[in-house]
1. Within segment A:88-103, is even one residue modelled with pLDDT under 85 and in contact with a Gly (Cβ under 8 Å, 6 or more places away or on another chain)?
2. Give the residues of segment B:35-77 that are within 17 Å of B:L203 (Cβ to Cβ), among the aliphatic types (A, V, I, L, M) and open to solvent by 40 Å² or more (accessible area, probe 1.4 Å), sorted by residue number.
3. If you take the residues in segment B:122-155 that are more than 12 Å from chain A (Cβ to nearest Cβ), farther than 24 Å from B:N48 by Cα and in contact (Cβ under 8 Å) with a residue 60 or more places away in the chain, which one is most open to solvent (accessible area, probe 1.4 Å)?
4. Before we move on, is A:T155 open to solvent by less than 20 Å² (accessible area, probe 1.4 Å), β-branched (V, I, T) and within 14 Å of chain B (Cβ to nearest Cβ)?
5. If you scan segment A:83-113, which residues turn out to be at negative phi and not in a helix (DSSP H, G or I)?
6. Can you name the number of the only condition in (1) facing chain A (nearest Cβ under 9 Å); (2) in contact with a strand residue (DSSP E or B) (Cβ under 6 Å, 6 or more places away or on another chain); (3) open to solvent by less than 20 Å² (accessible area, probe 1.4 Å) that B:Q83 fails?
7. Residue check, A:L62 against (1) closer than 16 Å to A:L144 by Cβ; (2) touching a helix residue (DSSP H, G or I) at 6+ places or on another chain (Cβ under 8 Å), all met but one. Which one?
8. Need at least 2 residues that are assigned by TED's automatic domain parsing to the domain that holds A:D81 and closer than 30 Å to B:K147 by Cα per element, so show me which helices (runs of 4 or more DSSP H) inside segment A:116-232 make the cut, counting only ones lying wholly within it.
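The values are calculated or read from the model by the stated rules, or taken from the named source; none is laboratory data. Remember, it's a predicted structure, so these values are computed and weren't measured experimentally. Cβ placement follows ideal geometry from the backbone for every residue including glycine, while neighbour counts extend to all protein chains displayed. Keep in mind that these areas ignore ligands, DNA and RNA; they rest on the heavy atoms of the full protein, side chains included. Shrake-Rupley method; radii C 1.70, N 1.55, O 1.52, S 1.80 Å.
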Amino acid sequence: MYFGDATAHAAILGIAISLVLSTNIFIGVLAVTLIMAFIVSSLTGRGYAMDTLLGVMAHSALAVGLVAVSFIKGADIDLHDYLFGDISAVTTTDLTIIWLGALVVLALVKWRWSALLTATLNEDLAHASGINPKREQLILTLALAVVIAVAIKITGILLITAMLIIPAATARPFSRTPEAMALLATLIGAFSAFVGIEASHIWDTPTGPTIVCVTALLFVISNVVRLTRQTG
Amino acid sequence: MPILSKGRTSTTLLSVENLTVKLGGHTALTDINMSINKGEIVTIVGPNGSGKSTLLCAIVGAVKSTKGTIKKAPALRIGYVPQKLHIDATLPMTVARFMRLPNQHDTATVNETLGLVGLYDIEGQQMTTLSGGQFQRVLLARAILHKPDLLILDEATQGLDQLGSATFYRLIETLRSKLGCAILMVSHELHVVMSASDRVICLNGHVCCHGTPDIVASTPEYRALFGTGTQGALALYRHDHNHSHDHDACDHTHHEKA
């Protein structure tokens, strides 16, 4: 899941590029995240450790992105909005893109699910079943790139990984199969977003962080339940 | 007129020809020739670092061959039991779900196959809660679920005690007669292997010697690698793969004559 972090950091470069070309930020971010996904999956297994590779790429892209943004003259941009997300800035066009992105990822994951799961579990096992684990890994990274590109305006660069990890971790104690966990994590994520948005309206707090706070709270509750079940 | 003795047709399932595999500059396998026939149990023995796992990986397709070919019979179904499989605790996985990776099978078939390896009422359990022996049996059951023509096992008894591994090998023999599949396995446990195999291939980067267990056991190459008598199994563990042979025969391509 470190890939999520790395890609999100690289997204700032995508934002800078979009501002320079004055295109929709989805296009810039998607382009950069997809390029990241391709580079990472083609360089791993060639003498580079995945973590090193991601660390180098993520932070270089972040630094280059920040420098690039500072060069844009007169650009009235608040980086804060991209770092932490600003749901009030989301337009109808954005919503369409988010839904399209979600459908693409859903279709991709549903189509490759079994192969993805086998390849994640064990590469040799995948090979023996006629599955190419490198291809599945690429598909997974591409799906992640799309998720990050469409979600960045809502959750922001710094918190996006939280929404990738925390709902899944919250679902884990109540799941017996990977499918159950995926479904439950989706529900928890959606519920957190709903509650988070409402709460941020009531208390006038930043929306992205509020959503993450709700998920984190659910995570704590889920693990308290798990621990009491174990000891009880 | 073809003369074929009924019931013992030797159809070649898989043949490896002049296979050389280089892994990151290091030559793991040199000029390997071997084949497996229908219903045969073939065991690969050899010291650590002799390329046993690499050979299986090449056959399975997980490692690319640098030179040579691996010919498979058309529509050959391979079942594979890996050396070790770690299932992360963050991934929930019941036995029943694991059995269906990546292909769907109905519950009756899954339970029947688990029964074949001696596991009952286990399908609802999480994989991470199984004992070492149970885990290996589930791996085995998953590999035979789609009725393979060839079952490949890579040191499948690692982590099992002597009794556990002896039981496991007996189970494999039973499965061979029940399913009629050929078996290719890598093993450390010479004493078990020598009694259970039809053919043994002694590997040390190249094929040192091969043949029926008693023939292989009597070759100087085998003795140079593993010693003689019952201490053979122990000698294996102490073996250094940068060995020098007493008879110096292993370093040549003598296997071509065999």
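1. No - not one qualifying residue is present in segment A:88-103.
2. B:I70
3. Taking the candidates together, the pick is B:K147.
4. On the way: open to solvent by less than 20 Å² (accessible area, probe 1.4 Å): yes; β-branched (V, I, T): yes; within 14 Å of chain B (Cβ to nearest Cβ): no.
In short, no.
5. A:D86, A:V90, A:T91
6. (3)
7. A:L62 satisfies all of (1) closer than 16 Å to A:L144 by Cβ; (2) touching a helix residue (DSSP H, G or I) at 6+ places or on another chain (Cβ under 8 Å) except (1).
8. Values: elements: A:123-128, A:133-155, A:160-171, A:178-203, A:207-231.
Qualifying helices (runs of 4 or more DSSP H): A:123-128, A:133-155.
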